[in-house]
Each structure stands twice: as structure tokens, then as C-alpha cells.
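*Asks:* Starting off with a structure, shown below.
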Amino acid sequence: MKAVWIARSVREQVGSHRALVAAAAATFCLLAVAAGGAKLGTKTAARWRAFAGQNVHVIAYLADDTDGERALGLAQILGRSATVAQATVLDPAEAFARLETSAVGAGVAPKTLENLEPTYFPRSIEIRLAPAPDLADRAALLAIRLREVPGIAQVDAMTSGLARLALWIDLGRRLGQGMLVALALVTLVALVAVFMRSRTTARQRSLVLAQLGDTATGIRLPTCLWMAAAALLGSGVGALLLRFAWRPLLSRLERSLGIVSTLAPPLLNPREVEIGLALVLLLGLFMGYFAAPLPRASDHA
Amino acid sequence: MDDHKVSRLQLLAYDRPVLWLDGVSCQRNGSAVLDSATLGVANGELIVIEGSTASGKSTLLEVAAIARAPDRGAVWFAGRNTTTLQRASLPFVRRNIGYCAAEPLLLVDRSVLANIMLALAIRGDSPKAAESAAREALTLVHASDLADRKVTSLSTGQKRLVALARAVAGPPPVVIADEPAALGGEEGRTVAVSALLAARSLGAAVLCGTSDTALADQVVRAGGRRIHLAQGRIVGTPAVELVPSLASAVGRKREIERKGLPPHIEHGEETIAIPPATKGPR
């Protein structure tokens, strides 16, 4: 069959089965959102882990008689430890400035900190631990050791906050996984339904075309083409949804969880989008191919 | 039924018909519905196969239309044994046969015109030529007013008319119609016969099956040949009349025996080298 007839057949099939084509496009959109969401979820989990790592601090408050040189020496010794990523001496003004930054990031009104004096904060060593799965235990152990060190008045391992954060992250991960599994199941059911419906509508058409002497390519190509077009359209819409909706949603979620990160929320990069679209396009062609069955009973051989 | 058998040499010798059923047999549920049927249809010939219900007409026509494979025997189309062709090659044979089945297969979600144009599209016509030929075919069956209607809105009789129009549209080299005038009464018979005659006048070989004696009589009056089918067997017709030019073939056979085979035919070859006929005589 000539290309003009193939194009005509595609147009007629789309016109005759608008609801099916729309359902197919919606299903491929769902698939794109599920697959893209899984990828973004992985990126977000990495971001949250990084955030947790950045914010696992053990604060060692120095005694009043500990001079600057002694404080610097202590920070250098701690910095050499394998479990410590960084140890920094903070003077009261710097500690206050950091508190202000965090408060603004968390949405706390600046007025709340108005009455605080920078000198309220004692000199301290801020110890950032190297990222690891057992940060809470490590922080607690380090705190016990630091309390024995002369010149250190008090140690705050921030274990309660850390445990709470780990709990939130774990809960978020589980919720995300659950939602993703549910979405994947819904997508799978929708894909199977679209495939079966397409097969039913294509069966009678295949019988007629085979009787008229159309080739296997002529019988299958129009269904392949409209299914591929629906796949491309649906997955394109899915990619756009993720592009424009993911960041606001994630920002809102992070704000509600109290996660403040200097890193921008993750997005799918163009390469990932291209690969995703190509894969969905292939799936559309594959489904279209098998949705148009060739009649067997009436064939020779 | 051995008198229906034609030897290999005879096949090579006579002017070959465009469609030739060679000792075709079919079974259904263990019993024979078609038994060693041999029949040839030449270009421009009109044959009506008359037989009562369950005489094997539809099976014979299905086999002739390459819509069903015979259990035994061979179906030759333009010198090619279709029973030995690869599956992928069969569509190229089928598109040269306009087949109006007893239960017509139409695309229900398309218009009548689109259904007829589809057959022409598969044969390679341009959309413009296909539309023109489809409208002509609808005029032939007196159904021009149905052109833009959806198939779902048609009655069974109208669907048969549309299927007949699709079969004769073009026309293809071979037109096969199974009960083309069923449900149509006297007017239906006239319409069906005139459509088949129009296809024949353009060079198509026409094979028509019916249990309606009145229709068969009309076909014969119009210059067609009548063949009787009973219990899956062709009866009352000598083998020499079943294949056109068989009588002259006997003469040619004798000539070949004297002078040898024509240069393009070799002894022992299973097939005959004939250019493929993928386009109708239009």
C-alpha cells in the first residue's frame, strides 16, 4: 500500500477510535510519569542523603578558658579522623549568622531572633561527619569521646534531631516506593487494557485487509504508527508534567519536612528525557505490532 | 472423478486459464465437502456454479479466492501454484481476486466508499483513481446513494451489494461472488448479473456460485457457462469442458508430441515461467 494510503488509514483509525487513542496516550503519559518519577525519586533520595550528611554536626562547646590556638589545634586533630569530614572553629558571631541563615531558610520570621545577642553563643567546634548509614551512632560515640577531652565544656551530638530526620527520610522513601509501585501497577493494568482493546478493534480490520490481499506490513503499520504517535504524545506530556510540577511539589514537601538544602531540586536531564521518549516510542511500536494480529485460519501454508 | 484430472502435459499444452483448480479436495469435521474438483476460468469468461445448500459451492469459491487452503489438490493462479507459495506471497495473489463472500467482511467503522476504495488501494491505485472506480462500481450495483453511509447503518442485503461492488471495482483479473443476489429478489438478480457481466466485459474472469436456478439461468442467457456441484463433486460436465481451451489443448498436445514443447516450457519443471500478474487488466 502506498504511503498516502497508510497515512489515510492512520487518520481514519484515529478518527474512528478517538477514545482508545486518548486512553493509549494517557496510559503512556502515566508510564512516563511513573518511570520519570522513579528516576527523580532516586535523585531526590540522593539529595536528601547529602542533606542529611551535610547537617550531621556534632557541636563541641569550648570552655571559657580555652584560647583560640588551643581550639584550632583541637579542630585540626579532629579533622584528621576518618569519620569526620570537616571540623571548624566557630566564633559566636559566625554561629549567630548561621542560625539566622537557617532560620530564614526554614521560614522563621526574622523578628524571632531580634532579641538574641551574638555573644550569647559560646565559642565552639562544629564537626561535620563523613556520610555513612550509621551517622547517629557515630555522632553519639564521638560525643562520648569528646566529653573526655580537656578544654571542651559540653558536647551536643544532635542525635534526637538526627534520628527524627532519618525517620522522615525513611518514611518518605517508603511512601515514595509505595506510590511508585501503585502507579506502576495502575500503568501496567492500563497498558494491558489498551493493548487488548486495540487488538479487539484491529482483529476485524486485519481479517478484511487479509482477504483483500494486503500484506502483513500493510495490516500492521497503521496500528503501529498511531500507537507510536500516542506513545510519543503521552510520554511527552508526562515529561512536561515532571519538568514543571516536580520542583514545586518537592519544594513544598521539603519545606513541610524541614529540609533546607542549598542544592536545587533535581530534574531529569535532556539525555534522560531523550532515552525515556525513545524507549516509550519503541514500546508503542511494539504494542502496535502485536495489537494488529494477522489472521491464520484463512492462510495457505 | 478421475475424468476430471488433467495431466501435466495437458496443463502445459492448453492456453492456460487465469485461475485453475486442479483436483481440489476439502474436508470439514472428517467428511468431504469438496471432492477432487477441477475447474479453470479464462480471462473474460463467466462461470456460474449451481448447487443446492451444502453442495460445497462456498468451499469451492473460498478455495478459488485463496481464502482457504485445500486439503488436497492445487490452485493455480496465472500459472503459479498458490498452494506451494510462501505465506508472505499470498497477499499478492489475493489482491488480484475480487471476492464477494456469502458473509461479506466489511470494515464496520468506515463508509461504504472507503470500504470499496480499500480494495483498490491495496492493488496500488491512487486515491483519486480508487474513488472514481469505487463510485463506478457502486453505480453498477445501483447503490450510489449508499456511498457515504457507514457500514453499520446498512441492511444485510445492502452489505451484500457493497461487497459485490467491492469485488467488481476495478475490476481485478478474477471476480468471485458467492450468492451475489441473495435477499435481492428479481431486481437483485438483474443487478448482480449486470455487475458481473460488466466485470467480464473488462476482461475479468468471473466465477459465481448460487443455489438460485433463476440467477444461474440469467448467467447462462448472458453467455456464461453453468457447472453443477453436488455433494462436493462437479457433476454432469465432461472434463474437457471444465477447463477452457482443453479441447484445443488436446490438439496442441498432439502437436507437441509431434514437434516437442514450445521453447519457454521445459520438461520436468514444476512451475511455468509466467510474468506475475499483480495488476488488473484496467
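*Asks:* For the stretch A:57-157, what is the relative contact order in percent, using Cα pairs closer than 8 Å and at least 6 residues apart in sequence?
*Replies:* Numbers: 139 pairs, mean separation 49.4, N = 101.
The normalised contact order for the stretch A:57-157 reaches 49 percent.
*Asks:* Want the number for A:Gln86 to A:Arg271: 0.36 nm per residue separation, take away the alpha-carbon distance, what's left?
*Replies:* Stretched out fully, the A:Gln86 to A:Arg271 stretch lengthens by 63.1 nm.
*Asks:* Starting with the fewest neighbours, write out A:Glu272, B:Glu45 ranked by other beta-carbon atoms found within 10 Å of each beta-carbon.
*Replies:* A:Glu272, B:Glu45
*Asks:* In whole Hz and in residue order, list the ³J(HN,Hα) couplings for the stretch A:205-221 that follow from phi through the Karplus curve 6.51 cos²θ - 1.76 cosθ + 1.60, θ = phi - 60°; x for Gly and Pro.
*Replies:* So the J values, rounded to whole Hz, are 5, 4, 4, 5, 5, 5, 5, 7, x, 7, 7, 4, 5, x, 6, 8, 4.
*Asks:* Now, a different point. Residue-wise, which Karplus ³J(HN,Hα) couplings in Hz belong to the stretch A:6-22, taking 6.51 cos²θ - 1.76 cosθ + 1.60, θ = phi - 60°, and x for glycine or proline?
*Replies:* These are the phi-based 3J(HN,Hα) values: 4, 4, 5, 5, 4, 4, 5, 5, 5, x, 7, 10, 4, 5, 5, 5, 5 Hz.
*Asks:* Can you list the HN-Hα couplings for the stretch B:125-141, worked out from phi with the Karplus curve (6.51, -1.76, 1.60; θ = phi - 60°), rounded to whole Hz and with x for Gly and Pro?
*Replies:* Using θ = phi - 60°, the values come out as 6, 6, x, 5, 5, 5, 5, 5, 5, 5, 5, 4, 5, 5, 5, 4, 9 Hz.
*Asks:* Moving on to the next point. Once amide H atoms are built 1.01 Å from N in the peptide plane, which residues 5 or more positions from B:Val33, or in another chain, come under 5 Å H to H?
*Replies:* Under 5 Å from the amide H of B:Val33 lie the amide H atoms of B:Cys26, B:Gln27, B:Arg28, each far enough along the sequence or on another chain.
*Asks:* Further question on the same structure: Taking the number of other C-beta atoms within 10 Å as the exposure measure, put A:Thr66, B:Thr210 in order starting with the fewest. Display every interim value, and only then the final one.
*Replies:* Numbers: A:Thr66 19, B:Thr210 23.
Ordered by Cβ neighbours within 10 Å, fewest first: A:Thr66, B:Thr210.
*Asks:* Using 7 Å Cα-to-Cβ label points, what is the A:Leu294/A:Leu99 separation (nm, one decimal)?
*Replies:* In this crude label model, A:Leu294 to A:Leu99 measures out at 7.8 nm.
*Asks:* Is there a pair in A:Lys2/B:Lys57; B:Lys57/B:Lys150; A:Lys2/B:Lys150 whose C-alpha atoms are over 26 Å apart, and which pairs would that be?
*Replies:* In this structure, A:Lys2/B:Lys57; B:Lys57/B:Lys150 lie more than 26 Å apart at Cα.
*Asks:* Kindly put B:Lys57, A:Lys2 in sequence by how many other C-beta atoms sit within 10 Å of each C-beta, fewest to most.
*Replies:* A:Lys2, B:Lys57
*Asks:* Treat the stretch A:179-301 as a sphere of radius equal to its Kirkwood radius over Cα pairs and apply Stokes-Einstein at 25 °C in a medium of 0.890 mPa s; give the translational diffusion coefficient in µm²/s, rounded to a whole number. Don't skip to the end; give the middle numbers.
*Replies:* Values: Rh = 17.3 Å.
Roughly 142 µm²/s, to the nearest whole number.
*Asks:* Given the options A:Leu129, A:Leu242, A:Leu171, which has the most mean-square fluctuation in a GNM of chain A, springs set between C-alpha atoms less than 10 angstrom apart?
*Replies:* A:Leu171
*Asks:* Just to confirm the number: angle between the C-alpha axis of helix A:270-291 and the first principal axis of chain A, 0 to 90 degrees, nearest 10?
*Replies:* 30
*Asks:* Would you mind checking which residues have amide H under 5 Å from B:Leu207's amide H? H placed 1.01 Å from N; only 5 or more apart, or other chain.
*Replies:* It is B:Ile47, B:Val175, B:Ile176, B:Ala177, by chain and number.
*Asks:* Collect residues whose amide H, placed 1.01 Å from N in the peptide plane, falls under 5 Å from the amide H of A:Leu129; neighbours closer than 5 in sequence don't count.
*Replies:* The answer is A:Val56, A:Val58, A:Ala85.
*Asks:* Okay, next question. With springs only between Cα atoms under 10 Å apart, run a GNM on chain A and tell me which of A:Arg243, A:Arg205, A:Arg271 wobbles the most.
*Replies:* Fluctuation is largest for A:Arg271.
*Asks:* Stokes-Einstein diffusion coefficient for the stretch A:57-157 at 25 °C in a medium of 0.890 mPa s, Rh from the Kirkwood formula over Cα pairs: what value in µm²/s?
*Replies:* Details: Rh = 14.4 Å.
The Stokes-Einstein estimate is 170 µm²/s.
*Asks:* Could you work out the Kirkwood radius for chain A, taking every pair of different alpha carbons, averaging 1/r and inverting it, reported in Å?
*Replies:* 24.0
Every number in this text was worked out from the coordinates using simple rules, so none of it is lab data. Note that this is a predicted model, so its numbers are computed, not measured. Cβ: placed from backbone, ideal geometry, glycine included. Neighbour counts: every protein chain shown.
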